[in-house]
Amino acid sequence: MGPLGVCFFVLFLLLSASFSEGGTIGVNYGRVADNLPSPESVVQLLKTNNITHVKMYDANSEVLKALAGSGIKVTIMMPNQLLQTAAKSTVFAAWWVQYNVAAYYPSTNIQAIAVGNEVFADPNLTSYLVQAMINVQAALVKANLDKAIKVSSPIALSALQSSYPPSAGAFRQDLAQSVMMPMLQFLRKTGSYLMVNAYPFFAYEANSNDISLDYALFKPNAGVLDSGSGLTYYSLLDAQIDAVAYAMSALNYDDVQISISETGWPSEGDANEIGANVVNAAVYVGNLIERVVSGTCGTPKRPKCDMDVYLFALFNEDQKPGPTSERNYGMFYPNEQKVYDVDFVQGNSNSKSNNTNNGNSNGNNNSTGNVETWCIADPSAGKGKLQTALDFACGGGEADCTAIQPGAACYEPDTVEAHASYAFNSYYQKNGREQWTCDFGGAAYVVSQAPKIGKCTLPSN
């Protein structure tokens, strides 16, 4: 790129920096075990491995004290058994916030409260959920903490009446109007997000004859076409999350963000738990981390990578009931040794051999290296933003835009989105596929399947 192009690009970044967004990686710190290290040791383990976000399943005082001053962002949980009381009593909700939140904040960087976990599994609690959330929010307002701390509640995919194809996603009839509608209204009003627990492992284990393992592990695959939306999915997790997104759309809540509050893959399982092994666990977790840290964790319906992802779990927990897999989701053994080799900053150390679906950082210069990736326009950015970015790419950015001139090979379809994709990709490839060259102020994103626009397949170099 010439000096003029550099100047134009720096100016473009300055003008559009406020539009850039990205996701973060966190871990779930479960403690259903009798052999875990002390909370102080756990905090040191988190810091050593550059884990900056942690989610708890309670508000344990020893853990919250240990996290004080660490800078780690914390999500605490009001256990399910307290929901009925919190819903019926604003006094109790205020007490709970005072003694479990205000008493530790801001030394302990509490950023969110999960009110219950997969509450719909207990029909007796479902009717109390939204009111409990409202009362906890009111308590935060009273304590002047509502601007810093969000309130949500993790839902499981079992909250969906249908999830395949993703565009047919819909909440269960017993939940849609009575619970999900007021819950989403609460999340919109408070600027919070919907927490979703999603496990591709469960879907793969139950349907391994129909679901490709590569599709479940973010590895290269033929993709699955959603005939309802026309979108192609190359990741089972994306399909699961978009099923929730479509269910939200059906209730007119497209603007509420989604956070993946739990996802993971077991490193060991019973003989009938197909796919539960350490190799698959390492690939799933490593590739997922890479997607998030490199900014390519968006889904086909929601292309922007703006969701937080909490991996399950920090440790293997030896006292969890159920099949063997339930005790083997941990990324660390209780002795603090890694179950498999994964880097929480860069992702899977073996990612190049995995050739992940979302071409990500090689860990040195934020380049996608030898993995073929392409940069395309994000239609949700809007025509105005796409046109501004297109003008830059073909002008000061010095992208090769000859093929999209009138009468040229890739002029059709004559749309801003199609032309922007061609120009963005040219700029991206020309600059060595550096991650920062596929941003354009949030108007573009990276894909790992060769895009075809009209009769043109975008080049990869």
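Okay, here's what the table says:
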| read-out | value |
| --- | --- |
| Helix axis angle, 278-293 relative to the chain longest principal axis, alpha carbon, degrees | 70 |
| Rounded percent of accessible protein surface that carbon and sulfur make up, the chain, 1.4 Å probe | 50 |
| Amide hydrogen neighbours beyond the local backbone of D146, cut-off 5 Å, H modeled | V141 |
| Beta bridges per DSSP with both ends in the chain, % antiparallel, nearest 5 | 35 |
| Spin-label pair D270/Q111, simplified geometry with 7 Å Cα→Cβ offset, distance in nm | 3.8 |
| Mean projected area (nm²) of the alpha-carbon convex hull when region 94-237 is viewed from all directions | 10.8 |
| Residue-wise HN-Hα coupling along region 175-188, computed from phi with Karplus coefficients 6.51, -1.76, 1.60 (Hz; x: Gly, Pro) | 10, 3, 7, 7, 10, 5, 4, x, 5, 5, 4, 4, 5, 5 |
| Cα-based reach from K47 at 18 Å (exclusive), listing aspartates and glutamates while leaving out same-chain residues under 8 positions away | E62, E336, D341, D343 |
| Over 27 Å (Cα to Cα) - which of K142/K304; K73/K142; K301/K452; K383/K452; K219/K385 fall in this group | K142/K304; K219/K385 |
| Per residue value of the accessible surface for the chain (all protein chains in place, 1.4 Å probe), Å² | 41 |
| Angstrom value of the Kirkwood radius, inverse mean 1/r, which spans all Cα pairs in region 202-241 | 10.4 |
| Virtual spin-label span in nm between Y333 and K452, 7 Å along Cα→Cβ | 5.0 |
| Cα-based convex hull volume of the chain per residue, rounded to whole Å³ | 147 |
| Interchain or long-range residues, amide H under 5 Å from F218's placed H | L236 |
| Whole-Å semi-axes of the ellipsoid equivalent to region 166-305 (Cα gyration tensor, √5λ, descending) | 27, 16, 16 |
| Prolate/oblate/rounded label for region 65-151 (Cα gyration tensor, a/c 1.5) | prolate |
| Note, ³J(HN,Hα) from phi for region 428-440, Karplus 6.51, -1.76, 1.60, rounded to Hz, x at Gly and Pro | 4, 5, 4, 9, x, 6, 5, 4, 5, 7, 10, 10, 6 |
| Rel. contact order, % - alpha carbon contacts under 8 angstrom, at least six apart, the chain | 16 |
| Protection-proxy order for peptides 247-257, 192-202, 69-79, each taking the mean of Cβ atoms within 10 Å per residue, highest first | 192-202, 69-79, 247-257 |
| E412 accessible area, 1.4 Å probe, all protein chains in place, Å² to nearest 10 | 110 |
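The values are calculated or read from the model by the stated rules, or taken from the named source; none is laboratory data. Nothing here was measured: the structure is a model prediction, and the numbers come from that model. Ideal geometry is used to build each Cβ from the backbone, glycine not excepted, and the neighbour counts take in all protein chains shown. Just so you know, the surface numbers come from the protein's heavy atoms only, side chains and all, with ligands and any DNA or RNA stripped out. Shrake-Rupley method; radii C 1.70, N 1.55, O 1.52, S 1.80 Å.
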